[in-house]
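Participant: For reference, the structure I am asking about is given below.
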There are 2 protein chains.
Amino acid sequence: MQNDFYTPEVQGAYELHDIGDFDLEEGGSIPGLQLAYATYGELNEAKDNAILIPTWFSGTHQTWELAYIGPGRALDPSRWFIVVVNQIGNGLSTSPHNSTGPIAMSKFPKVRIGDDVRAQRQLLVDRFGIERLALVVGGSMGAQQTYEWAVRFPEMVLRAAPLAGTAQNTPHDFLFTKTLMDAITSDPGFQGGEYSSHTEVADGLRRHADIWAVLGLSTEFWKTEFWRGIEVGDTRFATTEDFLENFIEAVFLQMDPNALLTMAWKWQRGDVARHTGGDLAQALGRITAKTFVMPIDEDMFFPPRDCAAEQALIPNSELRTLPSVCGHFGLFGFEQSYLAEVDRNLSDLLETPV
Amino acid sequence: MQNDFYTPEVQGAYELHDIGDFDLEEGGSIPGLQLAYATYGELNEAKDNAILIPTWFSGTHQTWELAYIGPGRALDPSRWFIVVVNQIGNGLSTSPHNSTGPIAMSKFPKVRIGDDVRAQRQLLVDRFGIERLALVVGGSMGAQQTYEWAVRFPEMVLRAAPLAGTAQNTPHDFLFTKTLMDAITSDPGFQGGEYSSHTEVADGLRRHADIWAVLGLSTEFWKTEFWRGIEVGDTRFATTEDFLENFIEAVFLQMDPNALLTMAWKWQRGDVARHTGGDLAQALGRITAKTFVMPIDEDMFFPPRDCAAEQALIPNSELRTLPSVCGHFGLFGFEQSYLAEVDRNLSDLLETPV
């Protein structure tokens with residue numbers, strides 16, 4: 001199915017790597033799994049300057065490229081070889097709408113955070129011969145993957161920086177994600193996942209976007225009308241409703257419903273304690289990476305206290321809370337102050353000998 | 001339309017008072033407006049022991065009766081004459097589903113907070129000859145009405161206690177309420193408000209309930225599994241899903257969709273600055289009541305800082321933040337510690353000479 005949102009023209013250039021047939025933790029498999037990834041900088045001869053960035057819910061490599069990576073930044077491509085990998089089901093890597101046959105659309109299998117991490121490892125080893133990562137950094141579902149990496153392959157992860165996410169998904173997050181999913185699946189145009197265009201699910205995608213507006217930002221974002229300072233091209237926004245409709249809804253309305261549902265199901269079940277029979281302390285105790293845990297102070301569904309409780313269980317870690325009136329969507333980098341704080345923390349982390 | 005939820009058998013006894021034909025601020029009128037109210041205690045001869053309690057979204061007089069009013073409590077019926085008035089459209093007072101003819105169901109007119117307060121004044125004056133209230137206290141939309149009372153009829157309100165609510169609705173609250181409304185109206189069974197039974201809108205009511213589960217409680221409520229301590233009759237709950245389905249969804253599934261929408265529209269537009277051309281400081285400056293502003297510390301959509309900002313504009317006021325891991329739904333009085341704190345504050349307030 002064609003969806004122009006998931007093209008290099010919109011998302012920026014990326015490569016595809018064929019992982020081969022890939023067995024999934026929840027059962028079933030993806031034939032010829034394709035991971036879409038983008039790289040910045042050069043891998044050095046020692047192969048010790050690699051940084052991995054997994055993507056968040058509904059996100060692609062693009063935000064990282066535009067907001068976090070650049071010369072003079074902590075994630076400087078002149079020093080580091082940075083690999084941003086689009087998560088399975090995000091619309092660029094193998095996803096329901098770009099698959100055919102037995103895994104197309106509603107038949108797409110359930111994918112777990114662990115599947116992404118195992119596939120990413122294959123990409124890094126097979127494609128680049130990378131055996132050790134100077135840093136894994138990701139936000140939200142990217143933080144879930146970062147934790148999974150650090151617990152599952154501790155020998156490969158020297159440093160870890162989970163932003164605005166948890167190692168074990170919380171019950172509140174599970175319920176929040178359920179409202180997002182139900183907003184989509186309740187649209188008669190969804191047709192059990194067998195719509196013929198994502199535009200048939202516009203009402204559901206709009207309701208899904210509206211719930212994001214309530215939880216993804218913060219009460220203070222809306223109160224202070226922070227959106228007045230947000231520019232898209234030459235466009236500014238005049239009212240709350242204008243920003244809601246022409247920014248938040250407009251972004252989500254371009255996306256594929258089955259892609260969002262694949263990611264949401266995965267997000268709901270992120271849990272490193274699956275490796276230790278449910279013992280979170282034991283799982284996080286396995287982490288050998290120097291770890292900076294970075295919640296966002298105004299995050300309404302990954303609140304700092306949830307992240308701090310996990311940080312306390314990680315041997316060689318620090319809590320570095322990020323300031324953003326944008327709440328969880330602070331991740332998009334609307335504020336220079338936020339980006340400067342991320343850079344300071346990542347620079348500190350990258351300079352820490354391990 | 002019959003709905004057993006809105007009966008004395010379920011809600012406890014109440015009286016009806018006929019206000020007569022009632023013109024609405026937004027235009028239109030309600031012929032023979034009936035206010036459903038319940039009283040506790042006796043009005044003394046001086047008529048100076050009256051306390052008014054307006055109800056919150058989806059609520060009735062019942063929660064106040066069961067959780068807040070009783071001998072030895074701040075709201076002691078042996079000392080005070082307590083009048084709990086069900087808001088217009090709540091299912092007991094005149095509402096879409098219990099109206100006929102030109103205001104039935106989808107034709108029910110838009111009602112504002114100010115309409116409720118004017119109607120309540122008529123009830124108090126005409127039915128009881130009450131000219132002065134020792135206290136107005138209400139939670140959430142009841143707080144909106146409390147503020148409206150104190151700004152609109154300052155000479156009648158000696159003391160005011162808005163719990164977990166604001167005088168001027170916030171943009172975030174507006175958007176949150178929108179998601180609640182859209183969850184209902186998007187159900188094909190809603191049929192533009194002309195369903196033949198609320199059970200036809202079960203899917204929409206369930207999604208509405210699920211959004212409440214995410215915002216009405218708190219991340220910590222779910223994390224600590226506070227629901228394990230909640231008993232309904234002899235029933236306890238075994239899992240998050242069990243509590244969601246058999247408590248939160250079960251409660252909202254009994255309600256009338258048009259009633260919820262009438263209240264939600266009203267909630268979105270609560271704003272005392274309508275009396276002062278948009279100047280909130282000027283409006284709140286009119287309050288002469290001794291006022292205790294009582295936000296709930298874990299409230300996700302009436303956060304303490306929003307309430308504190310308004311309290312700072314009220315001449316003779318104090319901020320008394322209430323502790324509740326239940327967030328906004330702390331209002332239901334799940335915790336003795338919360339109820340004790342409310343009682344302590346209301347006792348202090350009622351003992352303050354004015």
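Participant: Taking chain B as a Gaussian network, where each spring joins two C-alpha atoms under 10 Å apart, which residue of B:Leu284, B:Leu215, B:Leu75 fluctuates the most?
Facilitator: B:Leu215
Participant: Counting only protein heavy atoms, probe 1.4 Å: which residues of the range B:285-300 lose 30 Å² or more of accessible surface in the full assembly compared with their chain by itself?
Facilitator: Buried on complex formation: B:Met300.
Participant: Right, another one. State, to one decimal in nm, how far the label point of B:Glu15 lies from the label point of B:Ala250, with both points 7 Å from Cα in the Cβ direction.
Facilitator: 3.4 nm
Participant: Nearest 100 Å² is fine: how much accessible area is buried between A and B, summed over both sides, with a 1.4 Å probe? Intermediate results must be reported in sequence, preceding the final value.
Facilitator: Values: alone 13570 and 13560 Å², together 24380 Å².
Using a 1.4 Å probe on protein heavy atoms, the buried area is about 2800 Å².
Participant: Could I ask something else about it? Given the options B:Gly28, B:Gly59, B:Gly138, state which has the largest fluctuation in a GNM of chain B using a 10 Å cut-off (strictly under) for Cα springs.
Facilitator: The residue with the greatest mean-square fluctuation here is B:Gly28.
Participant: Which of the lysines could a cross-linker bridge to A:Lys47, judged by Cα under 25 Å and excluding same-chain residues fewer than eight apart?
Facilitator: Partners found: A:Lys290.
Participant: Let me make sure I get this right: for the protein assembly as shown, a, b and c are the square roots of the gyration tensor eigenvalues over alpha carbons, sorted descending. Under 1.5 in a/c it's rounded, otherwise prolate if a/b > b/c, else oblate. Which is it? Don't skip to the answer; put the middle values down first.
Facilitator: On the way: a/c = 2.24, a/b = 1.89, b/c = 1.19.
Taking the square roots of the gyration eigenvalues as a ≥ b ≥ c, the protein assembly as shown is prolate.
Participant: For B:Val10, place a label point 7 Å from Cα along the Cα-to-Cβ direction in every copy; what are the distances to the other copies, in nm, shortest first?
Facilitator: 4.5
Participant: A follow-up question, please. For A:Ala281, go 7 angstrom from Cα along the Cα-to-Cβ vector, then report the distances to that same point in the other copies in nm, smallest first.
Facilitator: Nearest to farthest, the other copies are at 5.3 nm.
Participant: Distances from B:Thr352 to the same position in the other copies: list them in nm, one decimal, shortest first, using label points 7 Å from Cα along Cα→Cβ.
Facilitator: 4.9
Participant: Express in nm, to one decimal, how much length is gained between A:Asp4 and A:Ala104 on full extension, taking 0.36 nm for each residue of separation and deducting their alpha carbon distance.
Facilitator: Going from the current span to full extension adds 34.2 nm.
Participant: Which sequence of A:Lys290, A:Lys223 reflects their accessible areas, 1.4 Å probe, from the largest down?
Facilitator: Working: A:Lys290 20, A:Lys223 85 Å².
Reading off the accessible areas and sorting them downward yields A:Lys223, A:Lys290.
Participant: I need the calculated FRET efficiency for the pair A:Ala281 and A:Glu155, taking r as the beta carbon distance and R₀ as 22 Å, to the nearest 0.05.
Facilitator: Using R0 = 22 Å, I get an efficiency of 0.60.
Participant: Additional query: Testing the spin-label approximation: label points 7 Å from Cα along Cα→Cβ at A:Ile230 and B:Glu225. State their distance in nm.
Facilitator: About 3.8 nm separates the two model spin labels.
Participant: Could I ask something else about it? Work out, step by step, the length gained on full extension between B:Gln191 and B:Asn44: first 0.36 nm times the residue separation, then minus their alpha carbon distance; give nm to one decimal. Each step should come with its number before you reach the end.
Facilitator: On the way: separation 147, 0.36 × 147 = 52.92 nm, distance 4.96 nm.
So the chain would gain 48.0 nm between B:Gln191 and B:Asn44.
Participant: Here's something else I'd like to know. With θ set to phi - 60° and the Karplus curve 6.51 cos²θ - 1.76 cosθ + 1.60, what are the ³J(HN,Hα) couplings of the range A:189-198 in order, to the nearest whole Hz, using x for Gly and Pro?
Facilitator: Values, residue by residue: x, 5, 6, x, x, 10, 4, 9, 7, 4 Hz.
Participant: OK, next. Determine, from the Cβ-Cβ distance of B:Glu241 and A:Glu26 and an R0 of 22 Å, the FRET efficiency 1/(1 + (r/R0)^6), rounded to the nearest 0.05. Don't skip to the end; give the middle numbers.
Facilitator: Numbers: r = 19 Å, r/R0 = 0.86.
Calculated transfer efficiency: 0.70.
Participant: Name the residue, out of A:His198, A:His172, A:His17, whose mean-square fluctuation peaks in a Gaussian network model built on chain A with Cα pairs under 10 Å.
Facilitator: Of A:His198, A:His172, A:His17, the most mobile in the Gaussian network model is A:His172.
Participant: Go through A:Lys223/B:Lys107; A:Lys110/B:Lys223; A:Lys178/B:Lys223; A:Lys110/B:Lys178; B:Lys178/B:Lys266 and tell me which ones have a Cα-Cα distance over 21 Å in this structure.
Facilitator: Flagged as over cut-off: A:Lys223/B:Lys107; A:Lys110/B:Lys223; A:Lys110/B:Lys178.
The values are calculated or read from the model by the stated rules, or taken from the named source; none is laboratory data. Everything numeric in this text was worked out from a predicted model, so none of it was measured. Because the Cβ atoms are built from the backbone with ideal geometry, glycine has one as well, and the counts that use them run over all protein chains shown. These area figures cover heavy atoms from the full protein model, side chains too; ligands, DNA and RNA do not enter into them. Shrake-Rupley method; radii C 1.70, N 1.55, O 1.52, S 1.80 Å.
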